[in-house]
Amino acid sequence: MADTASQTETVTINVDGKPMPAKPGEMVIAAAERGGVYIPRFCYHPRLRPVGMCRMCLVEVKGPRGFALAPACFIPVADGQEVITASDKVKKAQDGVLEFLLVNHPLDCPVCDKGGECPLQDQTLAYGPGETRFVEEKRHWAKPIALSDLVSLDRERCIQCDRCTRFADEVAGDPLIEFKGRGDHIEVATFPDQPFASYFSGNTVQICPVGALLSKPYRFKARPWDLEQVESTCTMCSVGCRIAVQSSGPELTRYIGLDSDPVNHGWLCDKGRYSYSYVNSPERLSRPLVRKNDELVEASWGEALEAAARGLEGARSVHGAASLAVLGGARLANEDAYVWAKLAKGVLGTDNVDAQLGDGLPADVVLGLPRATIDDACSAPAVILLAPDLKEELPVLYLRLRAAALEAGVPFVELTPRRTGMSRHCKASLTYRPGEAAALARALVEGSPTEVAGVPAGSIAAAAELLRVEGAVVVLGRPSLAEPAESVTAAAAILAAGLPGCRFLPALRRANVMGALDMGLAPGVLPGRVALDAGREWFAEAWGGVPEGRGLDATGILAATAEGRIQGLVLLGADPLSDHPDRHLARAALSAAGFVVAVDTFLTASSGQADVVLPAAAFAERPGTTTNLEGRITRLGQKIVPPGVAWPDWMIAAELAFHLEADLGVESIEDIWSEVERLAPSHRGISPSLLADRRHRDGVVAPLAADVPSDLAPPPEAATASGAGATTAAVPAGVDPMSTPGVDAVETQGLPATDVAQAGTAPSGGIDPGVEGDEAAEAAQAPLSTPPPTLAWPADQAQPPLPPLDGYSLRLVTGRTLYDSGTLAQRTPALAPLAPAPTLRANPYDLERLGRGQGGQVRVRSNRGTFLAEAVPDNGVPRGSVWLPFDSGAGEVSAGEVIEAGVPVTDLRVETP
Amino acid sequence: MRLNAENVQRAKELISLYPVPRSALIPILHVAQEQNGWLTPEAISHVAELLDLTPAEVYGTASFYDMFFTEPVGRHLVSICTNIACLLNGGYELLDHAERKLGIKAGTTTEDGEFTLEEVECLALCGAAPCLTVNWRFFGPVTRERFDKLVGYLRDGELAHQVPPHGTLCRVRRSVGLPATESEGEA
Amino acid sequence: MPLTDAKPIVTRRVAIPDSWTLKSYLENGGYVGLRKALTMEPEAITQEVLTSNLLGRGGAGFEAGKKWSMLRKAQPVYLVVNGDESEPATFKDHMLLETDPHQIIEGVLICAYAVGAAQAFIYVRGEFALGLERMTEALNEAYGHGAVGRNIFGSGFSVDVVIHPGAGAYICGEETALIESLEGKRGFPRIKPPFFPAAIGLYGAPTVVNNVETMSNLPWIVENGGAAFAALGIGRSTGTRIFSLSGHVNRPGNYEVEMAKVTFRDLIEDAQLGGGIRNGNQLKAFIPGGVSAPWFSPDQVDMALDQDAVGKAGSMLGSGSVVVMDETTCAVRAVWRITRFFHRESCGQCTPCREGSGWLEKIMRRIEQGAGRDEDLELLLDVCDNIAPGLGWPPQQTTICVLGPSIPSSIKSGVNMFRDEFLTHVKEGACPYG
Ligand SMILES: Cc1cc2nc3c(=O)[nH]c(=O)nc-3n(C[C@H](O)[C@H](O)[C@H](O)COP(=O)(O)O)c2cc1C
Ligand code: SF4
Ligand code: FES
């Protein structure tokens, strides 16, 4: 946000006799750095409020009484300001500070994780005094103490820079670590027995300028000098935080948050930060498996692909193309998603394709919405939250929005069935009765004299007042998976119609769900946000055919499979048994399915039941691109090779096609992307070379905005100065060189052939992917008719009618928690134990009525049966509602066990056993 | 021990005196220390609740100040000044004597929990050096003889009227200008 | 008052029985100044204070009236009174808080009226239990008397006063740390600029911070006029001032004398003041204004208690506390103890002060205990130089507040004035004074 101001006006300061442009309001240290003069520092971090404590950045600044020492991190620039950074006086002051810092520092660099990438070490070598003049006993503390399950602290190394404590308070909003004591007894401490349990704790390790804060999972794992790194995008959720993926030998060792101004500002959530270890998991699938007399046994690619092809062919020949379905794909890269869409719709000929698993929103709604970016939301006149608990599902989006509310004062209005992590930052948080979001939305835009959906008229009026603006942004997702998508889309339609110029930021959680939808992995759509019918001709030309009619969505596919109407099912990294809201339906489907092919990285509850299992390459094992919730396309870097003979998903599709006597005509990531750019209307102009341009390090949002520089000429000054469109030459707005060691050395991936060679070497199956796909190649050359129109906002949706709430039942609310029993989280040793025990949460008032005011065991009855659960009183759950965790693994204390697909609300009887 | 109902009421009154609630933190911590003689973890958590802070914030802030104790202290906190004026007038000799007399080192507490001895910075009674305070009540100049007498009186509770138990700072309560605090009196 | 015929101002009631009660205060001219002030225009009061040239009594010695006129024009304005008195050897505010609380409150109300304060806070050092009780009692009485709160003395002017206890941290006497502490936080001083209280103070609002003794002068000044106050003293050092005299004198205590007309010698030797050095000993050195101030040697003892004269001579009147050291004093031990004080009281924000204070204490400790090395004296001075570059006066600083650069004051004085004594400690490995 600061950047936009800078475009308008700049001042000039004079550093060591050199004039430099500076943005009003910024500090001397930042302006000087951009101008090429690096002033040493420890406590200063560009994304934190300055404190001027460490005193390392002392320089001479000219004031009314001549030049005087002042902290460059705390002196705002002023036009004509004179600064000296190189005088003897400055040198002595800085040397002095360094010497003071070392007075009580253990100097145990050889056994310190930070050794080799430590600013204190580096600056000591660069500026420091040679020998030590300190002959006394140093300060001693017990060696590393645990601050949390993930972070430990070595107090002897701490230099009291206040970075971690400021981060915890200002950025994360979890002031659970604090300075304790005074003077040289200051230590960073938690309240006894209250750990630093923040979803963002790992960032403190990254910004610690010494080796005081340590990542437990990383401790002693590697030394910086044998780390290699590549720039990439975290794919643990759809925020798409930029990271440097670091590896040592064949293993991933660490992720470092990179500062992407439009996205993550350098921060990561702990789930993303520590997820690298699932990639290294020994449980990864490394060879194809084929079911032989009810046993999954290893097979060659050729064998497995043949088996898969014959199984799908068989189903199709008997029951037709409509008896085939492809479920999943939201964890794939864009290129994979495209090739799979082409295989499913172009070759298998079925539109029963859905990347979402009944826990998202209809593709044509999502793709048709007028869209907003994260920055749009953070600078909107008002933001409406109609979404799940963002702190739990999209943590770094939560950080950005929290900052917008607290620092920029953006007014937030929340429509939610229960209290969320954002509630306390909202000007209005309206808790509606489960299933009644649309009614509340209508009351907001039309006004209401009476209480609606359990929300008092007064609160509605107050919130409506905040929404009397042009261009509000709606963050749209599923507030509770116990309410069907229809009730959310109904509410969204009402808001879209009722709020002038409002735009939407989809809050769908799975990493590349937006990319999968863009690439056509959903019923009724084709790549490039095109409706099936609208795009039929255009894609028929290129693909040699598309399905006649609109297919089924995930729930429809499972129902049809359960009823035997679908015989051949492909699971694309999908685990419906744990991800679909209706577990009974998923179980019925998988046991009834005639033939199941699973493409996966692990054997999950679902893929374990498949007839053929094909091992896929995982994150960092293949290059490509991914698309975040904004529609921002960024590149995925490859750092290591897949285990065994696992392939990238796109290649599996291409090879499977050959076994179906078809040729998808793709040989490399670059081929695929060029085809996407050529065929997908929403992706026009987003060429590989555009994505490779350093100015687009932060990625580009599809469809391409008119003003995005696409030529490869050197960027204009403005672009260099601002955080967006940063180049290696300039320092991006928030980059803290100290917490991203050697990041300018990060190799940024173009999409060169070598990557493909590495990740996609001719498979051992013996089939040569190099065979030219003639027709496709010709199609590529052939002149195409004009591209089809992209989807537009669909017509108003009717909300499903609700059954009356009887006095004895509680209405179900559910959602995910950050640490759940998801496949990847559970395969990450550091995170697995953090998943909370599944409990039932209800308002103390309701539990009081059961004589369970302090909590305790209760019996839960639903149409789906009965189970016992541990009840916990929770004021965040309104009276009359009850909360169950959504994904709690195989456990029966799960919303998935009681939700019936399509039923508008789920009422439960909660009783004392 | 959490704050009792009366002290919760006092805390609410204190909060009402300031434009920003957190300003009442130190005064409320004194109230908590008056109730228990030191800042118990329960009290710290309770104060955090009352001010919508985290216990870590309260704990961290309290730990900056010498008068707050997060471990139990003796009923009588004997604080002997050894800063410049007292140094020049036998402050250290008095401290040595006190250690011998009470049989403990500065910074520790007697077995019976009667006395905690500490060496402190200038108490602003330099005109009567060497001086000391007992639970923040001033005595000086203090000769060895007078120290021994003082200890005797304290043991026998003869100074109770003058020296309340440790933690009690101000025995006079503000009784004026308090907005009628709506007492939704919960303990 | 001795030596000059000026009458005491702020201490004029301290000897009266029950001087701290409203009854006694009213019998002795209490709240007359406030009643008069309420009939004047606020600006007129500020003008009187400017005329009086009342210098701040807390340590910095800045003109009170000037400080008030420098307030950023914004609402609300807050008044914060500094009663945290913790500068070693300073014990005047302690006395005023216990013996004449109403005078402080009256001064606070006059100031609050003059600057249009929305609320006034009197920050009283936590250890002053009796002071807190007397102040609170006085506040209760003053409310009852109609002197505080709504519509004071029917003038239509209203202001609330809060007595705020500290909790034991010297640094909270520094005005910006005091504000942080008053906001319920750690006493970490703020960086000036931009955080000058007059611009961005309590809760970010323009704030006046004045010392307790400074406030105590206001009733008299309003009653008798600024000119009457300015008529006392010489030059910029106007009026009378309390000096806290301690150390090796026969009659240590607080003495209010006319500024600039009385010398250090008078203060130390006059029969009604210090009464001379104990046992007729010789003067070895004295500290003119609290332990943050560089020391003076016997040949400077005839200097007047004049803020500017003392400043020119390379030290300060500071908090008005004079520490007398006679010939039996071990300079090394005295310097060590003062350094230890700063080490214990550094808030810990700034690297040079946090680490330097401890390092310097350790070196001083070594020398004092006979384990010093020849190079230690130069090391001491160079480490000091890294906290207060140039070791000049007033000091430059590599730190946020001036506690840091105050550490070198006594070390430099000791090493320069008593180098031989330091060297003896090093050479003999022992203290010549035993
Ligand atoms: C380390 C340090 C300690 C201080 N301690 C006190 C103090 O105890 N009392 C006080 O009135 N001023 C103290 N001051 C001075 C205050 O910062 C401030 O200048 C003063 O309170 C302003 O009031 P005055 O102008 O009336 O003197 C201290 C300053 C520093 C740097
Ligand atoms: S100089 Fe010392 S006391 Fe002052 S702010 Fe810095 S560390 Fe704190
Ligand atoms: S004081 Fe400026 S970087 Fe620490």
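The values are calculated or read from the model by the stated rules, or taken from the named source; none is laboratory data. What you see is a predicted model, and the numbers here were worked out from it, not measured in a lab. Every residue, glycine among them, receives a Cβ derived from its backbone with ideal geometry; neighbour counts consider all protein chains shown. Keep in mind that these areas ignore ligands, DNA and RNA; they rest on the heavy atoms of the full protein, side chains included. Shrake-Rupley method; radii C 1.70, N 1.55, O 1.52, S 1.80 Å.
Annotations for the structure displayed:
- Counting only heavy atoms of the protein chains and using a 1.4 Å probe, B:Ile26 has close to 0 Å² of accessible surface.
- Between C:Ser24 and A:His185, the distance separating the two model label sites (each 7 Å from Cα on the Cα→Cβ line) works out to 3.8 nm.
- FRET efficiency, C:Ser158 to A:Val445 (Cβ-Cβ, R0 35 Å, nearest 0.05): 0.15
- A:Met236 contributes about 30 Å² of solvent-accessible surface, heavy atoms of the protein only, 1.4 Å probe.
- Segment A:Asp294-A:Asn14, length gained on full extension (0.36 nm per residue, minus Cα span): 93.1 nm
- Here the protein assembly as shown was treated as a single set of alpha-carbon atoms; its pair distances binned every 10 Å from 0 give 1, 7, 14, 18, 17, 14, 11, 8, 5, 3, 1, 0, 0 percent.
- Structural descriptor for chain A: relative contact order 13 percent, calculated from alpha carbon pairs under 8 angstrom and at least 6 residues apart.
- Working from Cα pairs under 8 Å separated by at least six residues, relative contact order for chain C is 16 percent.
- Each of A:Val90, A:Thr906, A:Gly699 was placed along the dipole of chain A (beta-carbon charges, centred on the mean Cα), and the one lying farthest toward the positive end is A:Val90.
- Separation in nanometres of the label points that stand 7 Å from Cα toward Cβ, at A:Asp79 and C:Asn279: 7.0 nm
- Filter on A:Lys221/A:Lys639; A:Lys92/C:Lys312; A:Lys271/A:Lys427; C:Lys261/C:Lys284; C:Lys284/C:Lys412 - keep pairs with C-alpha separation over 22 Å: A:Lys92/C:Lys312; A:Lys271/A:Lys427; C:Lys261/C:Lys284
- If you run the Gaussian network model on chain C, springs between alpha carbon atoms under 10 Å, then out of C:Pro395, C:Pro88, C:Pro194 the most flexible one is C:Pro194.
- Of B:Ser63, A:Ser201, C:Ser69, the residue with the largest accessible area leads and the full order is C:Ser69, B:Ser63, A:Ser201 (1.4 Å probe).
- Fraction of the pair-distance distribution of chain A above 38 Å, Cα-Cα pairs, percent: 46 percent
- Kyte-Doolittle at least -1.0, axis length at least 20 Å by Cα - qualifying DSSP helices, chain A: A:88-103, A:301-319
- Heavy-atom accessible surface of segment C:161-248, averaged per residue, reaches 21 Å², computed with a 1.4 Å probe.
- Applying the criteria of a DSSP loop state and at most 16 other Cβ atoms within 10 Å to the trypsin sites (Lys or Arg not before Pro) of segment B:24-106 yields B:Lys105.
- Shape category assigned to segment A:784-903 from the gyration tensor of Cα positions, a/c cut at 1.5: oblate
- FRET efficiency for C:Glu223 and B:Glu158, using Cβ-Cβ distance with R0 set to 35 Å, rounded to 0.05: 0.20
- Net charge dipole size for segment A:275-372 [Lys, Arg +1 and Asp, Glu -1 on Cβ; Debye, nearest 20]: 140 debye
- Mean ellipticity per residue at 222 nm, deg cm²/dmol - from DSSP H runs of n ≥ 4 across the protein assembly as shown, formula -39500 (n - 2.57): -9000 deg cm²/dmol
- Our summary of shape: the Cα atoms of segment C:65-219 have principal axis extents of 41, 36, 26 Å, ordered from largest down, in whole angstrom.
- Sites matching trypsin sites (Lys or Arg not before Pro) across segment A:435-530 that sit in DSSP coil, with at most 14 neighbouring C-beta atoms within 10 Å: A:Arg468
- Near the amide H of C:His164, within less than 5 Å, lie the amide hydrogens of C:Ile122, C:Tyr123, C:Val124, all on another chain or at least 5 residues away, with H placed in the peptide plane.
- With the convex hull drawn around the C-alpha atoms of segment B:18-153, the volume per residue stands at 117 Å³.
- Angle between chain C longest axis and helix C:376-385 axis [Cα atoms, degrees, rounded to 10]: 30 degrees
- Peptide-level mean, for A:103-115, of C-beta atoms on other protein chains within 10 Å: 1
- Between C:Asn211 and C:Arg57, C:Gly58, C:Asn82, the built amide H atoms are under 5 Å apart, and every one of these is 5 or more places off in sequence or on another chain.
- Shape of segment A:53-177, Cα gyration tensor, a/c cut at 1.5: oblate
- Net charge of Cβ neighbours under 10 Å - reference A:Lys114; Lys, Arg +1; Asp, Glu -1: -2
- Looking at segment C:87-174, the trypsin sites (Lys or Arg not before Pro) that sit in a DSSP loop and have at most 14 other Cβ atoms within 10 Å of their own Cβ are C:Arg150.
- Principal-axis tilt of helix C:419-428 within chain C, Cα atoms, nearest 10 degrees: 50 degrees
- Protection-proxy order for peptides C:223-231, A:255-263, A:211-219, B:45-53, each taking the mean of Cβ atoms within 10 Å per residue, highest first: A:255-263, A:211-219, B:45-53, C:223-231
- Calculated over segment C:1-136: convex hull of Cα atoms, volume per residue (Å³): 138 Å³
- Cα long-axis angle, helix B:41-51 against chain B (0 to 90 degrees, to the nearest 10): 50 degrees
- Global form of segment C:259-311, assessed from the alpha-carbon gyration tensor, a/c cut-off 1.5: oblate
- Within-13-Å neighbourhood charge of A:Pro71 [Cβ basis; K, R +1; D, E -1]: +3
- Only Cα pairs under 8 Å and 6+ residues apart enter the sum, and on that basis the relative contact order of segment A:543-591 stands at 41 percent.
- For the pair A:Asp122 and A:Glu303, a Förster radius of 41 Å applied to the C-beta separation gives a FRET efficiency near 0.15, rounded to the nearest 0.05.
- Note that segment C:1-144 presents 33 Å² accessible area per residue, ligands and nucleic acids not counted, probe 1.4 Å.
- Proportion of all alpha-carbon pairs of segment A:368-489 beyond 19 Å (%): 42 percent
- Kirkwood Rh, Cα atoms: Rg over Rh of segment A:248-377: 1.05
- Taking the square roots of 5 times each eigenvalue of the Cα gyration tensor of chain C, largest first, gives ellipsoid semi-axes of 38, 25, 18 Å.
- Chains C and B together bury roughly 4400 Å² of accessible area, counting both sides, with a 1.4 Å probe on protein heavy atoms only.
- Here the label points at A:Ser281 and B:Glu6, each 7 Å from Cα along the C-beta direction, are separated by 6.0 nm in the simple model.
- Ordered from longest to shortest, the equivalent ellipsoid semi-axes for segment A:364-425 are 18, 15, 11 Å, each the square root of 5 times a Cα gyration tensor eigenvalue.
- Accessible surface of segment A:837-913, 1.4 Å probe, proportion on carbon and sulfur as whole %: 43 percent
- Heavy-atom accessible surface that C and A bury in contact, both chains counted, 1.4 Å, Å² to 100: 2900 Å²
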